[in-house]
2 protein chains.
Amino acid sequence: MHRDDGALELLLKRAGASIGIAETRELVAGVAAAPEGFEPEAWIDLVCPGAEAELREHLAALLTEIRADNNEEPANFPARLEALRKQLKRARLTGFIVPHTDEHQGEYVAPCSERLTWLTGFTGSAGTAVVLKDQAAMFVDGRYTVQARVEVDESLYEIRHSIEEPLSDWIAANLPPKGRLGYDPWLHTPAQAAGLRAACGRAGVRLVPIADNPVDAIWTDRLPPPIAPVVPHSEAFAGSTSAEKRTQAAETLLQRRQDAVVLSAPDSIAWLLNIRGGDIPYSPVSLAFALLHANSSVELFVDPRKLTPGLREHLGEKVSVAAMEALGPALDRLGADRKTVRIDPYGTPDWVARRLRTAGAQAVSEPDPCALAKAVKSTVELDGFRAAHRRDGAALSRFLAWLAHQAPNETLTEMSAAGRLEAFRRENENFRGLSFPTISASADHGAVVHYRPCPETDRSLEQGSLYLLDSGGQYLDGTTDVTRTVAIGEPTEEMCARFTRVLKGHITLATTRFPKGTTGPQLDTLARLALWDVGLDYDHGTGHGVGNYLGVHEGPQRISKIASRVALRPGMVVSNEPGYYKTGAYGIRIENLVTVIPMEAPKGAEKEIFGFETLTLAPIDLTLVATELLTEKEVAWLDAYHDTVRKTLTPLVDDDTAAWLSWATRPVGGGDAGKTENTYTHR
Amino acid sequence: MHRDDGALELLLKRAGASIGIAETRELVAGVAAAPEGFEPEAWIDLVCPGAEAELREHLAALLTEIRADNNEEPANFPARLEALRKQLKRARLTGFIVPHTDEHQGEYVAPCSERLTWLTGFTGSAGTAVVLKDQAAMFVDGRYTVQARVEVDESLYEIRHSIEEPLSDWIAANLPPKGRLGYDPWLHTPAQAAGLRAACGRAGVRLVPIADNPVDAIWTDRLPPPIAPVVPHSEAFAGSTSAEKRTQAAETLLQRRQDAVVLSAPDSIAWLLNIRGGDIPYSPVSLAFALLHANSSVELFVDPRKLTPGLREHLGEKVSVAAMEALGPALDRLGADRKTVRIDPYGTPDWVARRLRTAGAQAVSEPDPCALAKAVKSTVELDGFRAAHRRDGAALSRFLAWLAHQAPNETLTEMSAAGRLEAFRRENENFRGLSFPTISASADHGAVVHYRPCPETDRSLEQGSLYLLDSGGQYLDGTTDVTRTVAIGEPTEEMCARFTRVLKGHITLATTRFPKGTTGPQLDTLARLALWDVGLDYDHGTGHGVGNYLGVHEGPQRISKIASRVALRPGMVVSNEPGYYKTGAYGIRIENLVTVIPMEAPKGAEKEIFGFETLTLAPIDLTLVATELLTEKEVAWLDAYHDTVRKTLTPLVDDDTAAWLSWATRPVGGGDAGKTENTYTHR
């Protein structure tokens, strides 16, 4: 136990640590603001590499102490909203926009950036609040409308569907002409700022960048920025060296006669430099900015305290490191030299674009050059993905076999089930943590598209219900993301019919062949047709890109209704996840990851033809399949998939799981084999 | 014959005409620059309403004389390009952009606006040339790449695919930094200008608006703007009064707190005011601008000489008329009053936006409020469409029966066949002309997607070839657009296989059910899947909107790869026209017009479900259908469609056509009925 700063100071000195007690306290406060991580004591190297047991114990105790102190005061949302309104009045603002995003536009943000949650209570991964003098509104997409109604006080915030009832309409309808709407230019991209400016322009409202975020001014117990070790990512997993990647990315700058690009996406920086971090949950990255120059050198802006011993050597001579505060002056230098600097209009903070322009640089809007390169996986990376998916499929199958034995069982709950699955995954080689919060959703919770169980909502898996389980792991060699929907007891006919229609969409997409140049949005409808036929649909995209031991959601490709000009290329990894959600009753989703592959050209073909290889390996619950709704081709796909699942996973699992797997992957084609054994008898 | 201005002057005076010989000559020069129209002498009313025979003869002779004088000098494209380059040098421009479009962004333009054709020889409906000091390039989309290579001298202009090798890349690669690229702000929209400016910005090039188009300076024998009579369009066809439409459109301005909108699309103006004109070919509109005010009054800017007697009464008190030249001062007045004025960023000339802003108005970018309202047809309009399609289908069937009797026939050519079809259509009630130039394409001409036969390319329909016929009519009660591909003699197996795949795509789209909110691009892929399966595709959109006795191509909805946020709504009319093109061999396209209709909701449906009703009535050539490639559902659709065609059209045609129709619409389902009579024997 840490009881005494004096004792710790002595230990630090004795160990030859380069920092004293005050700096250590600050560093540990940063560590306490980061997720625990797979190796919870790795951070100790940041204080004193090779610390001995007594010092380690003291440091660990200090972390525990600080963590305990971090417990926030109970949320009083009306008071917080009122305090923010006072700030707005002081700043002569008519309103202020509070997005969920941080400076890096990532999906998961550090506690110090959870302004939207702190202000409103909404915990979803995407959303925006706008606060006016007498009104406030919360904009969330279709995944989160149900969740927002549960979490947010509707007497304080009007909940709106961000696509069907967009922010721009609300601004036009509710802001008075000549009003001043404030935004934090660190938290919005130039494209978002331009969209807001246009919406404001139509309403005669002025959009005003605000240097000091008024939420931060009233959030008194806000944590510091997180500190987690930055470590090298082995070339054996990355597939190519950072020098190769930097040369490739710099080439795109040279082609466009650009001098540099500002990188603000932590996963781009991690990919480019072959490093990983742990500042935020689920995504093994370090919050940082970087400047990639056309000569392929890099200036990395990151809290230097995060660098593990040896990391500077790993980065090499062409990568310099400076603190975050050095970014502004570096942009000023580019301006003074009248450089042409690329910024990603959908990723870089508007603050960066404004600073560059003020300094005299030419800021040109083009995509982050790492985004597409990172999305197209190398052969080494794809082999890693396949290996990670075998291990992950084995863990999920062990869980599903265990579940078949357990359920129904009053003591089995959403949270305990998720915990059990995580325990199976933890046993896997190269496992480093979950890739996103497990969606473990029983019955009507499944209709809350991004439901995440917590003690207040946790419930047991009941007879006659559907159980939706969307989960994934971060492995050193790949990232997984898989959803299975399982019948607990006897499902209804309606459940089976709708599950089967979701499955038809899944299979249609999995088996599609498409010419080179086709974009994801061109394929989105294929996964919906079987539902449309009976007047049903789902209100989310069909597929997202997946990083390689990086963000589980990455661009630039996607399969959704939202337009995209990015063609699908061999080596890209995307999810295939149609669903159906019956509010108040149940949710269904079937998700596999797939990778784009070239297909053999049919005779007479004039186009290069691509298709998908399914990476995810886990049984699809056949008790929910209404075989009579499937075409022959669909049955053939299902049986072939299950054959691969069984053959691949059986050698990796225990005998009980293997026995269950053999039943769970039984063929449904060729007679009514599937119908005779709809219940599994544990042997 | 007109021989003597003196005699004509006397006749004019005697008839009490309000204009003298000089003004008459000017007016007739304008008439000579307009298409002949369905009533070639209607324009005489513009000179002298109720003119008697002698005056009519004199005026007609004057028109003939002026038309004869209008024959252009033979084109010397190198000399024209050289002359333009001299103009650029004088204006200190590095380059200049010559689009096909006119001030109204229409597909068909008046002779005085055919700058691109005059300069380069390219006659397609979309394209852009960029001329630099030593280089020039021509950008055309997939429909026109083959045609551009035929028409344009590639030693003068590099031909580029506008999507795959975009203008912006070419600017970056070929314009020197600090160069000055000129554009005519009348011929580009604000969105186009912004796109060009961004592309120029990336290349360090300045985009410069040029007040006097340098092409006009060197085009010495350019015709005057066209003059054709503006006539009322009966409410019996329009379905609602202009006052109702104006109130509806003004309501959208009030909702957005806007004072006025600038209308620059002639079809929007024609729709709004229930008028029609004849200034340009194929589209019965008058070139004009208009200001619609929030109080639902309209200022119409149009050459007042075009107004037929009584038209001002038809327009009513709330519509004022002024000459085109009055538009600028009217915009200045809006600016002086600090008004908020809507402009369509994809339709209004950049000139208008610039003028408004300079004058002090707030120009806000939002769609033309008439576009969506015009696209959603009323019940009266849809009934008109159905009636027009019955007549049009009867004419096309008479032609196809005649063709079955004639072909193969050495004297039957692409042009003579098209002429014969037009003759059949001319006999129809309410027919007012073709809706676009007939694509009558034999064999490899069919692979030139927008081929239009001319004496130099005309050829006979040969045994063993495919004949692609894409044509349509303008009727007072509706507009048609239909493509049929017909086997002349015995088709090859490959032709049949590919025709059948195009047909499968056509049927898949025709039978799709989709939820409310679905956009055209979400459906585009459905028409391609059967081709993709064998490595084939087509390089054009699948469907376009169709106006009601207005443009045969209209927005805002479309079915294509290009993103759109406009949902398909009941009452919209779109084409369903997948194709396949084998360069140098043949082309296939099957096109019907369809209208969006609400479908009966299936049991348990949660969404409103829409589908399509097919409007076009004409047999699809069964000799090209490989029935074994069709699913049962597809066969059922084909047989049901042919049943409707036969039952609807038989009462409207002669006995010979009826006999052919009975054979041509024979069922292919239920046995091999289709296979036994693959050749029609004329009785």
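Report the Cα centroid-to-centroid distance between segment B:413-481 and segment A:106-169 in angstrom, as an integer.
Each part reduced to its Cα centre gives a spacing of 57 Å.
Quick check on the protein assembly as shown: of the DSSP beta bridges with both residues there, what percent are antiparallel, nearest 5%? It would help to have the intermediate numbers written out before the result.
Details: 118 of 160 bridges.
Counting only bridges with both partners in the protein assembly as shown, antiparallel ones make up about 75 percent.
With a cut-off of at most 14 other beta carbons within 10 Å, and DSSP calling the residue loop, which GluC sites (Glu not before Pro) in segment B:71-177 qualify? Please list them. Numbers along the way, then the final one.
Details: sites: B:Glu72, B:Glu82, B:Glu103, B:Glu107, B:Glu114, B:Glu151, B:Glu154, B:Glu158, B:Glu164; in loops: B:Glu72, B:Glu103, B:Glu107, B:Glu114, B:Glu154, B:Glu164.
Taking segment B:71-177 and a limit of 14 other Cβ atoms within 10 Å, the loop GluC sites (Glu not before Pro) found are B:Glu72, B:Glu154, B:Glu164.
Given a Förster distance of 22 Å, report the FRET efficiency between A:Ala68 and A:Ala323 from their Cβ-Cβ distance, rounded to the nearest 0.05. All intermediate terms of the calculation are to be shown ahead of the outcome.
Details: r = 29 Å, r/R0 = 1.32.
Efficiency, rounded to the nearest 0.05: 0.15.
Given Cα positions, please report Rg to Rh for segment A:46-108, the hydrodynamic radius being the Kirkwood one.
Details: Rg = 20.0 Å, Rh = 16.2 Å.
Using only Cα positions, Rg/Rh for segment A:46-108 is 1.23.
Looking at segment B:88-134, which trypsin sites (Lys or Arg not before Pro) are in a loop (DSSP not H, G, I, E or B) and have at most 10 other Cβ atoms within 10 Å? Don't jump to the answer; show the numbers that get you there.
On the way: sites: B:Lys89, B:Arg90, B:Arg92, B:Arg115, B:Lys133; in loops: B:Arg92, B:Lys133.
Here the sparse-neighbourhood loop sites are B:Arg92.
Please arrange B:Glu429, B:Glu244 by how many other C-beta atoms lie within 10 Å of their C-beta, fewest to most.
Numbers: B:Glu429 10, B:Glu244 14.
Exposure proxy ranking, most exposed first: B:Glu429, B:Glu244.
On a 0 to 90° scale, report how tilted helix A:190-203 is relative to the longest principal axis of chain A, with both axes built from alpha carbons and the result rounded to the nearest 10.
90
In terms of the Cα gyration tensor, with a ≥ b ≥ c the square roots of its eigenvalues, is segment B:403-452 rounded because a/c is under 1.5, prolate because a/b exceeds b/c, or oblate? Display every interim value, and only then the final one.
Details: a/c = 3.12, a/b = 1.30, b/c = 2.39.
Judged from the Cα gyration tensor, segment B:403-452 comes out oblate (a/c at least 1.5, b/c at or above a/b).
Sort shortest first the distances from A:Arg197 to its counterpart in every other copy, using label points 7 Å along the Cα-to-beta-carbon line, and give them in nm.
Those label-point separations list as 1.1 nm.
Among B:Leu187, B:Gln248, B:Val208, pick out the residue whose Cα is farthest towards the positive end of the charge dipole of segment B:187-295, where Lys and Arg carry +1 and Asp and Glu carry -1 on C-beta, about the Cα centre.
Toward the positive end, the furthest listed residue is B:Val208.
Just check the protein assembly as shown against the gyration tensor rule for me: Cα atoms, a ≥ b ≥ c as the square roots of the eigenvalues, rounded for a/c under 1.5, and otherwise prolate or oblate depending on whether a/b exceeds b/c. Could you put the intermediate results ahead of the total?
On the way: a/c = 2.08, a/b = 1.50, b/c = 1.39.
Here the protein assembly as shown falls in the prolate category.
Hey, got the dipole for segment B:54-155? About the Cα centre, +1 on K and R Cβ, -1 on D and E Cβ, debye to the nearest 20?
Working: 12 positive and 16 negative charges, 141 e Å.
In total the dipole reaches around 680 debye.
Output the 0 to 90 degree angle, nearest 10, between the alpha-carbon long axis of helix A:53-69 and the longest principal axis computed from the alpha carbons of chain A.
Helix A:53-69 and the main axis of chain A meet at about 90 degrees.
Taking amide hydrogens as modeled 1.01 Å from N in the peptide plane, which residues meet the under 5 Å criterion relative to A:Ile559, leaving out close sequence neighbours?
The list, which skips near neighbours in sequence, is A:Thr542, A:Gly543, A:His544.
Using 0.36 nm times the number of residues separating A:Ala585 and A:Val376, minus their current alpha carbon distance, what extension gain do you get? Write out the running numbers ahead of the final one.
On the way: separation 209, 0.36 × 209 = 75.24 nm, distance 3.92 nm.
Residue separation times 0.36 nm, minus the Cα-Cα distance, leaves 71.3 nm.
Neighbour counts of other C-beta atoms within 10 Å: give me A:Leu84, B:Leu187 arranged from fewest to most.
Details: A:Leu84 22, B:Leu187 27.
In order of increasing Cβ crowding within 10 Å: A:Leu84, B:Leu187.
Which value in Å does the Kirkwood hydrodynamic radius of segment B:440-494 take, with 1/r averaged over all unlike C-alpha pairs and then inverted?
12.4
Measuring from label point to label point, each 7 Å out along Cα→Cβ, what is the A:Glu490 to A:Asp655 span in nm?
Result for the modelled spin labels: 3.3 nm.
Tell me the trypsin sites (Lys or Arg not before Pro) within segment B:549-635 that lie in a loop according to DSSP and have at most 12 other beta-carbon atoms within 10 Å.
B:Arg565, B:Lys603
For segment A:302-379, count all C-alpha to C-alpha pairs, find those more than 20 Å apart, and express that count as a whole percent of the total.
Details: 1508 of 3003 pairs.
Above the 20 Å cut-off, segment A:302-379 has 50 percent of its Cα pairs.
Dipole size in debye (nearest 20) for the protein assembly as shown around its Cα centre, Lys and Arg Cβ +1, Asp and Glu Cβ -1? Display every interim value, and only then the final one.
On the way: 144 positive and 182 negative charges, 543 e Å.
Here the size comes out at about 2600 debye.
Suppose each label sits 7 Å from its Cα in the direction of the beta carbon; what would the A:Asp383-A:Val150 distance come out to in nanometres?
Result for the modelled spin labels: 4.4 nm.
Using the Karplus equation 6.51 cos²θ - 1.76 cosθ + 1.60 (θ = phi - 60°), what ³J(HN,Hα) coupling, rounded to whole Hz, does each residue of segment A:84-101 give in order, writing x for Gly and Pro?
Running phi through 6.51 cos²θ - 1.76 cosθ + 1.60 with θ = phi - 60° gives 5, 4, 5, 4, 5, 4, 4, 8, 6, 9, 6, x, 8, 9, 10, x, 6, 5 Hz.
Please compute the Kirkwood hydrodynamic radius of segment A:483-592 from all pairs of different C-alpha atoms, in Å with one decimal. Don't jump to the answer; show the numbers that get you there.
Details: mean 1/r = 0.0684 Å⁻¹.
Evaluated on segment A:483-592, it is 14.6 Å.
Compute the relative contact order of chain B as a whole-number percentage, counting only Cα pairs closer than 8 Å that sit 6 or more residues apart in sequence.
Relative contact order for chain B comes out at 10 percent.
Hey, fewest Cβ within 10 Å first, where do B:Asp221, B:Asp134, A:Asp279, B:Asp621 land in order? Write out the running numbers ahead of the final one.
Values: B:Asp221 10, B:Asp134 6, A:Asp279 30, B:Asp621 20.
Ascending Cβ contact count within 10 Å gives the list B:Asp134, B:Asp221, B:Asp621, A:Asp279.
What is the residue of chain B with the smallest Cβ distance to the axis taking B onto A, and what is that distance in whole Å?
Nearest to the symmetry axis by Cβ: B:Ala563, 1.
In terms of modelled amide H atoms, which long-range or inter-chain residues lie less than 5 Å from the amide H of B:Gly182?
Amide H to amide H, under 5 Å and 5 or more residues apart or across chains, B:Gly182 pairs with B:Thr94, B:Gly95, B:Phe96, B:Ile97, B:Val208.
Rounded to the nearest 0.05, what FRET efficiency do A:Glu26 and A:Arg333 give with R0 = 22 Å and r taken as the Cβ-Cβ distance? Could you check? Write down the numbers at each step before the final one.
Numbers: r = 29 Å, r/R0 = 1.31.
E(calc), rounded to 0.05, equals 0.15.
Of the cross-linked pairs B:Lys89/B:Lys178; A:Lys561/A:Lys582; A:Lys561/B:Lys516; B:Lys516/B:Lys603; A:Lys377/A:Lys504; A:Lys133/B:Lys339, which ones have a Cα-Cα span greater than 23 Å in the structure shown? Present the calculation step by step, with values, prior to reporting the outcome.
Numbers: B:Lys89/B:Lys178 15 Å; A:Lys561/A:Lys582 21 Å; A:Lys561/B:Lys516 14 Å; B:Lys516/B:Lys603 17 Å; A:Lys377/A:Lys504 28 Å; A:Lys133/B:Lys339 28 Å.
Result: A:Lys377/A:Lys504; A:Lys133/B:Lys339 exceed 23 Å.
Would you kindly work out, in nm and rounded to one decimal, the distances from the label point of B:Cys454 to those of the same position in each other copy, ordered shortest first, with label points 7 Å along Cα-to-Cβ?
7.1
Report ³J(HN,Hα) in whole Hz for each residue of segment B:226-237, in order, from the Karplus equation J = 6.51 cos²θ - 1.76 cosθ + 1.60 where θ = phi - 60°; Gly and Pro get x.
Along segment B:226-237, the couplings run x, 10, 9, x, 9, 10, x, 10, 4, 4, 4, 9 Hz.
Which value in nm describes the separation of the simple spin-label points at A:Glu456 and A:Asp5, placed 7 Å from the Cα toward the beta carbon?
The two pseudo-label positions are separated by 3.6 nm.
Using alpha carbons only, how many degrees (0 to 90, rounded to 10) separate the axis of helix B:493-510 from the longest principal axis of chain B?
Tilt relative to chain B: about 70 degrees.
Say the dipole of the protein assembly as shown comes from +1 at the beta carbon of Lys and Arg and -1 at that of Asp and Glu; which of A:Leu116, A:Leu652, A:Met415 then lies farthest toward its positive end?
The residue sitting farthest along the positive end of the dipole is A:Leu116.
Say a label goes 7 Å from Cα toward Cβ at A:Asp4 in every copy; what distances in nm does this one have to the rest, shortest first?
For A:Asp4, the inter-copy label distances come out at 13.1 nm.
Which whole number gives the average, over all residues in A:602-610, of C-beta atoms from other chains lying within 10 Å of the residue C-beta?
Numbers: counts 5, 2, 7, 5, 9, 6, 1, 6, 1.
For peptide A:602-610, the averaged partner shielding equals 5.
Work out the mean other chain Cβ neighbour count within 10 Å for the residues of A:528-541 and drop it here as an integer. Can you show the working numbers first?
Numbers: counts 4, 5, 0, 3, 11, 6, 9, 13, 7, 9, 0, 0, 0, 0.
Other-chain Cβ atoms within 10 Å of each residue's Cβ, averaged: 5.
When the helix-only estimate is applied to the protein assembly as shown (DSSP H runs of n ≥ 4, each -39,500 (n - 2.57), divided by the residue count), what is the mean residue ellipticity at 222 nm, nearest 500 deg cm²/dmol? Write out the running numbers ahead of the final one.
Working: 50 runs with 507 residues, N = 1366.
The helix contribution divided over the protein assembly as shown gives -11000 deg cm²/dmol.
Among B:Gln147, B:Pro266, B:Leu27, pick out the residue whose Cα is farthest towards the positive end of the charge dipole of the protein assembly as shown, where Lys and Arg carry +1 and Asp and Glu carry -1 on C-beta, about the Cα centre.
B:Leu27
Between A:Gln248 and A:Glu82, what length comes free when the chain is fully extended (0.36 nm per residue of separation minus the Cα-Cα distance, one decimal in nm)? Before the final figure, lay out each step's value.
On the way: separation 166, 0.36 × 166 = 59.76 nm, distance 5.10 nm.
Taking A:Gln248 through A:Glu82 to full extension adds about 54.7 nm, to one decimal.
Rounded to two decimals, what is the ratio between the C-alpha radius of gyration of segment B:152-221 and 2.2 N^0.38 Å? Don't jump to the answer; show the numbers that get you there.
Numbers: Rg = 13.4 Å, N = 70, 2.2 N^0.38 = 11.1 Å.
Cα Rg divided by the expected 2.2 N^0.38 Å: 1.21.
So if I place +1 on the C-beta of Lys and Arg and -1 on the C-beta of Asp and Glu, and nothing else carries charge, what would the dipole magnitude of segment A:31-99 be about its Cα centre? I want it in debye, nearest 20. Could the numbers behind the result be given before it?
On the way: 8 positive and 12 negative charges, 238 e Å.
It works out to roughly 1140 debye.
Any read-out appearing in this document is the output of simple, stated calculations on the displayed coordinates, not a laboratory observation. Because the structure is a prediction, the values reported are computed rather than measured. Every residue, glycine among them, receives a Cβ derived from its backbone with ideal geometry; neighbour counts consider all protein chains shown.
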